[in-house]
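What follows is one structure encoded as structure tokens, with my remarks underneath.
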Amino acid sequence: MHIPSPQRSPLLLVTPLLLIVLALSSNLHADSTAFIGATIYPVSGPVIEDGVMVVRDGKIESIGARSDVVIPSGATQVESSGKTIIPGLICTHSHIGMGGGGDGSDPIQPECWTLDSVNVRSASVERARAGGLTLVNQMPGSGHLISGRTTYLKLRRGGKVDDLLIRDASGWPMGGLKMANGTNSQRAAPFPGTRAKSAALVRGAYIKAQEYRAKIEKAAGDPEKMPERDLKMEALVEALEGKRIVHHHTHRHDDILTVLRLRDEFGFQVVLHHVSDAWKVAKEIAEAKAPCSIIVIDSPGGKLEARDIQMENGMILEQAGVNVSFHTDDWITDSRLFLRSAALGVRAGMTREGALRALTLSGAEMLGLADRTGSLDPGKDADFAIISGDPFSVYTKVLETYVEGTRVFDLSNPEHRLFAVGGRGAGEDQTYQCCGERGGQ
Amino acid sequence: MKLQFLLTIALTVAGFTADLAGQQTLAIRGETIHTMARQADGQWMEPIENGVVLIIDGKVAAIGAASAVEIPAGIRVIDAAVVTPGLIDSRSVVGLAGWLNYDHDQDQLERSSPMQPELDARDAYNVREPLIQWVRSLGVTTLHTGHAPGQLISGQTFIVKTRGDNVDQAILKSKAMVVCTLGSSGFGSEGKSPGTRAKQMAMIRQEFIKARSYMDKIEAAQADEEKEAPARDLRNEVLVEILRGERPLMITAHGSVDIQNALRLQKELQIKVVLEGASECYDYFDELKEQQIPVIIHPTMMRASGKGQNSSMETVAKMVAAGIPVAMGSGYESYVPKTRVVLWEAAIACAYGCPFNDALGLITASAAELLGISDRVGSLEVGKDGDVALYDGDPFEYTSHCVGTVIDGVVVSDQQR
């Protein structure tokens, strides 16, 4: 925990070693922190008024009403009355850090990985922390049928992408696979010129991947019989095996159904993204049990295929029983105002519970990370935001953001505040310095 | 055929009857009415609790507490929790820019030449543009719209109500401002001049020198019958209007250098300037005050990148505190959203330190004052246009709805949005 506290700071100054020894050798829970008195939205359960949440070693240790939670002796106590605690916000579709995927050479480039291009020192990453975000799915663009592998980033403070990665049990960085259909990925050859050609090219790629996988299976572990390693094929095989969730950009009603058709043909797991026409095919989406990651923009239009987008998409999908999350598509919408997307969802008829879930737990589910984040439950990562009031009020501010128990954004810190509010220097990367001094308004 | 004919007759008669019955006459009862009228000292009037706005023949005929305003029998009465003047978007491109990013739907920027002040927004305004309906359903009744930033002088703007079946019915003020863009976004396309800031300034100076000479010749001819007036020149005619102070040059400038250039131009040319965008104007409050330059500030949710990378959500609050005339526009978006909604932008300003009335003023009374249309719109006062927006709660709250929009006493939107 990086929380300044009267109890700990003097001790830290005098004998940091002693503290470490104590923490390692006793049950004093000197490394626990209890947030006391806040209104807590665990999302996995009902709202807790006058709640207590205890955080230890980056995890949530306990949570509940003040009368039900035993605050460990020695825990740092943080008075949080009047404030609201929500799970850290999860953006299932973000371009912060501007990580890109494939180039103009081919419509299908699953070998490319945003991990190799994202700039985690970007001001946009700072703004995301200021918006209460703790986890993003960093996506390549939609100008390809398959533009590359996406990267799931925990917004820990760090100067290199490795500091923000989420690794699976084998140590492999986690992420999905970005696909797109509709007009964005249609252009001059070798890109497809029509929707049917788009689908045909995708089919061709996955059939190859099936064959590649069959060779591997046939080899049964014999290195002599293994096919040559092929990065394109490896990523697609991961998708076929459900190890890599397909995040599929799609707008028009028929394109949405095409995604579901391809999913059923090849058996990959898919999350539908944007889904502008969702309201037209909500029943079909629900029957297919396909989760939807949607966006809210302030006026309709842009391109023909997205023209019919409705503010009511969230409500209609929720009522149809579809798992819904919101996304920023940052820079399309600003991560600092991510709560606003859900609030506008409520404005257009979504339930408050559904809208908050769509910013948190639903997103975690769509990234396959709900076992570790997305709601405030004992044992999960301590990813949360402390906000000043009702999550859906324009007047509410994100005060602090925590990732795995560490505070990564603090509105009272002038340097963080600059990113939250704007002003001279706010657009520069984290490392920007002029004459030894960081720019400030 | 016969049936269709009869139907047409019936509809015509129905429409006629409605008109005769006074379609532009109605009463609005509001639990809270923000009149946005000013007291003699310039301070905002307190809102009216449980009040009535009575609109007769399209104009506000009476406004006050329910006990003080008698509603004539038989007229339509609408109830709302919160009532404000119809909203004003102080800088839009809607109607020239359509909702689709295809050439046929984007008429806001002509790139053939860097300076074309002769382009008249009336000639490009699509009164049936869906975005007009969209902003209207969120309470916007007046748009200051026209040519977009993106060329050194891209054309003119005008002011419309968000109603009408043709452009003439929509017009509130046919000649508003002339659009100028300083900084890299005003550089010429495909390598054409201007390609630098210094070139931009030189080109503008030269153009106004020409216009001044044109003006001098006209005046000389007017004073002396022997002297011949110069041949008509559309471009110079518009620039002369600026030189004569009949309309302002609206300069879009965001960065520090570009704002300084705008300030310098105003001093050199002695013209009326309105600064637009103005992301980094927080460093120039003294100059803006001294030179009496009002600001149409960028939407608060403008992207914090590129020219807006140093924009701040608190700028409006600081300007209001400093006493600088300010209004808010939706600006121009090249991608999406195709228009921002000024109600939601002013809401963010309010959340970031701007007092409620001043934030609402950005999109009502202060906007009308800045645009020179406060005799007609911007506040709910007797004699002004019956333009009203209705809400079911705090207009700025994300979860409140606009439940109705009225223009000249006509309900133009009654859906909950």
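What the table below lists for this structure:
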item: Test: residue in segment A:257-268 that is within 21 Å of A:Gly345 (Cβ to Cβ) and either touching a helix residue (DSSP H, G or I) at 6+ places or on another chain (Cβ under 8 Å) or surrounded by fewer than 23 Cβ atoms within 10 Å (Cβ to Cβ) (or both); result: no
item: Residue within segment B:215-232 that is more than 14 Å from every other protein chain (Cβ to nearest Cβ) and touching a residue at least 24 places away in the same chain (Cβ under 8 Å) present; result: yes
item: Filtered residue count, segment A:104-120, keeping only those that are farther than 16 Å from A:Asn184 by Cβ and not in a loop (DSSP other than H, G, I, E, B); result: 4
item: Residue in segment B:226-244 that is among the small types (Gly, Ala, Ser) and either more than 25 Å from B:Ala368 (Cα to Cα) or in contact with a helix residue (DSSP H, G or I) (Cβ under 8 Å, 6 or more places away or on another chain) (or both) present; result: yes
item: Failed item, numbered, when B:Val341 is tested on (1) surrounded by 24 or more Cβ atoms within 10 Å (Cβ to Cβ); (2) closer than 19 Å to B:Gly186 by Cα; (3) touching a residue at least 60 places away in the same chain (Cβ under 8 Å); (4) within 11 Å of chain A (Cβ to nearest Cβ); result: (2)
item: Subset tally (residues that are assigned to a helix (DSSP H, G or I) and surrounded by 20 or more Cβ atoms within 10 Å (Cβ to Cβ)) for segment A:280-318; result: 10
item: Tabulated pairs, segment B:388-406, first facing chain A (nearest Cβ under 8 Å), second surrounded by fewer than 24 Cβ atoms within 10 Å (Cβ to Cβ) and β-branched (Val, Ile, Thr), C-beta under 8 angstrom, 6+ apart or interchain; result: B:Phe396/A:Val394; B:Glu397/A:Val394; B:Tyr398/A:Val346; B:Tyr398/A:Val394; B:Thr399/A:Val346; B:Ser400/B:Val82
item: Subset of segment B:301-329 [touching a strand residue (DSSP E or B) at 6+ places or on another chain (Cβ under 9 Å) and either facing chain A (nearest Cβ under 9 Å) or over 19 Å from B:Asp358 (Cβ atoms) (or both)]; result: B:Met302, B:Ala304, B:Lys307, B:Gly308, B:Gln309, B:Asn310, B:Ser311, B:Ser312, B:Met313, B:Glu314, B:Thr315
item: Matching option when the condition is free of Cβ contacts under 8 Å to residues at least 40 places away in the same chain, within 24 Å of A:Thr150 (Cβ to Cβ) and not assigned by TED's automatic domain parsing to the domain that holds A:Thr151, among A:Asp371, A:Asp410; result: A:Asp371
item: Criterion: closer than 20 Å to A:Asp103 by Cβ, assigned by TED's automatic domain parsing to the domain that holds A:His247 and of a type in the set (A, V, I, L, M, F, W, C) - qualifying residue of A:Ala214, A:Ala205; result: A:Ala205
item: Single match in B:Lys210, B:Lys192 (criterion: out of contact with any helix residue (DSSP H, G or I) (no Cβ under 9 Å at 6 or more places or on another chain) and basic (Lys, Arg)); result: B:Lys192
item: Of all residues in segment B:98-138 being under 18 Å from the mean Cα position of the chain (by Cα) and of a type in the set (Ser, Thr, Tyr), the one that is nearest to the other protein chains (Cβ to nearest Cβ); result: B:Ser137
item: Criterion violated by B:Lys175 - all others in (1) buried (at least 18 other Cβ atoms within 10 Å of the Cβ); (2) in a loop (DSSP other than H, G, I, E, B); (3) touching an Asp or Glu at 6+ places or on another chain (Cβ under 9 Å); (4) of a type outside the set (S, T, N, Q) satisfied; result: (1)
item: Strands (runs of 3 or more DSSP E) within segment A:345-412 that include 1 or more residues out of contact with any helix residue (DSSP H, G or I) (no Cβ under 8 Å at 6 or more places or on another chain) and more than 19 Å from A:Val47 (Cβ to Cβ); result: A:398-403, A:406-410
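Every residue, every condition in (1) touching a residue at least 24 places away in the same chain (Cβ under 8 Å); (2) surrounded by fewer than 21 Cβ atoms within 10 Å (Cβ to Cβ); (3) within 22 Å of A:Lys380 (Cα to Cα), yes or no:
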{"site": "A:Tyr152", "(1), (2), (3)": "yes, no, yes"}
{"site": "A:Arg167", "(1), (2), (3)": "no, yes, yes"}
{"site": "A:Leu177", "(1), (2), (3)": "yes, no, no"}
{"site": "A:Arg187", "(1), (2), (3)": "yes, yes, no"}
{"site": "A:Lys232", "(1), (2), (3)": "yes, yes, no"}
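For (1) under 18 Å from A:Cys91 (Cα atoms); (2) facing another protein chain (nearest Cβ under 7 Å), each residue gets a yes or a no:
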site: A:Glu305; (1), (2): no, no
site: A:Glu312; (1), (2): no, no
site: A:Ile316; (1), (2): no, no
site: A:Asn323; (1), (2): yes, no
site: A:His327; (1), (2): yes, no
site: A:Ser335; (1), (2): yes, no
site: A:Phe338; (1), (2): yes, no
site: A:Leu344; (1), (2): yes, yes
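The values are calculated or read from the model by the stated rules, or taken from the named source; none is laboratory data. Computed from a prediction, not measured in an experiment: that's the story for all the values here. Methodologically, a virtual Cβ is constructed for each residue, glycine included, from the backbone with ideal geometry; neighbour enumeration extends over all protein chains shown.
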